[in-house]
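Comments concern the structure below.
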Amino acid sequence: MNSQVEDIRIDFISGSRRIGNFFWAFILLSGALGFSAVGFSSYLQKDLIPFLSAEQIIFIPQGLVMFFYGIAGSFISLYLWSTIWWNVGSGYNRFDKRKGIFSLFRRGFPGKNRRILIQFSIEDIQAIRMEVQEGFLSRRVLYIRMKSQQDVPLSRLEEYSTLEQMETKAAELARSLKLSIEGI
């Protein structure tokens, strides 16, 4: 989603609140609770899960290891749910042609650096760069190349589902800022 009013262009960036993150956090929490329940039921020698007999699992070492996996999975799930709750990575890219400033804002984890705001002069922008790697782990990222040859990422790895979508976004931005496009 983007917004453009005369000389100000704002591109909103979605953070951790995506369907894929909700899916994996839920699956991980379910698996962790299952492992913990199996480990705990082997310790008690009672069937906490109806379709699994605790008599077949000895607490040391199998039950203890399953309980440990459950605890570890719970911590990883807690981390994922926390990033979703705080919407880590969300923010916006703001291009203000009147003031000549490019602002990059992102939300991080709570604390001193929760809000990250970086500002550059639009005059220091050299080009829009596209990085595309196709294959099993495809990667499509838009960058702004600064005159100091520093690349500033504008998007997440998973933001663009198709190459056409990424090219359209890069062309709009390049046209708006009157810059060239590098890459591909």
May I ask you to verify whether Ser82 is free of Cβ contacts under 8 Å to residues at least 40 places away in the same chain, closer than 30 Å to Phe102 by Cα and of a type in the set (Ser, Thr, Tyr)?
yes
Answer with yes or no whether Val65 is of a type in the set (A, V, I, L, M), closer than 30 Å to Lys169 by Cα and out of contact with any Pro (no Cβ under 7 Å at 6 or more places or on another chain).
no
Across the stretch 2-16, what is the number of residues that are at pLDDT below 85 and either closer than 11 Å to Tyr92 by Cβ or aromatic (Phe, Trp, Tyr) (or both)?
2
Considering the stretch 90-107 alone, what residues qualify as being buried (at least 17 other Cβ atoms within 10 Å of the Cβ) and touching a helix residue (DSSP H, G or I) at 6+ places or on another chain (Cβ under 8 Å)?
Phe95, Phe102, Arg107
Among the residues of the stretch 56-78, is there at least one that is assigned to a strand (DSSP E or B) and either free of Cβ contacts under 8 Å to residues at least 60 places away in the same chain or of a type in the set (S, T, N, Q) (or both)?
no
Looking at this structure, is Pro50 surrounded by fewer than 16 Cβ atoms within 10 Å (Cβ to Cβ) and either in a helix (DSSP H, G or I) or touching a residue at least 40 places away in the same chain (Cβ under 8 Å) (or both)?
no
Restricting to the stretch 85-107, and then to whatever is part of a loop (DSSP other than H, G, I, E, B) and without any contact (Cβ under 8 Å) to a residue 60 or more places away in the chain, can you tell me which residue is nearest to Ser155 (Cα to Cα)?
Gly100
Can you name the number of the only condition in (1) in contact with an Asp or Glu (Cβ under 8 Å, 6 or more places away or on another chain); (2) surrounded by 14 or more Cβ atoms within 10 Å (Cβ to Cβ); (3) modelled with pLDDT under 85 that Arg139 fails?
(2)
First in the stretch 152-177 and in contact (Cβ under 8 Å) with a residue 60 or more places away in the chain, second anywhere and charged (D, E, K, R) and not in a helix (DSSP H, G or I), Cβ under 6 Å, 6 or more apart:
Ser176/Arg9
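The values are calculated or read from the model by the stated rules, or taken from the named source; none is laboratory data. These figures come from a predicted structure and were not determined experimentally. Note: ideal-geometry Cβ built from the backbone for every residue, glycine included; neighbour counts use all protein chains shown.
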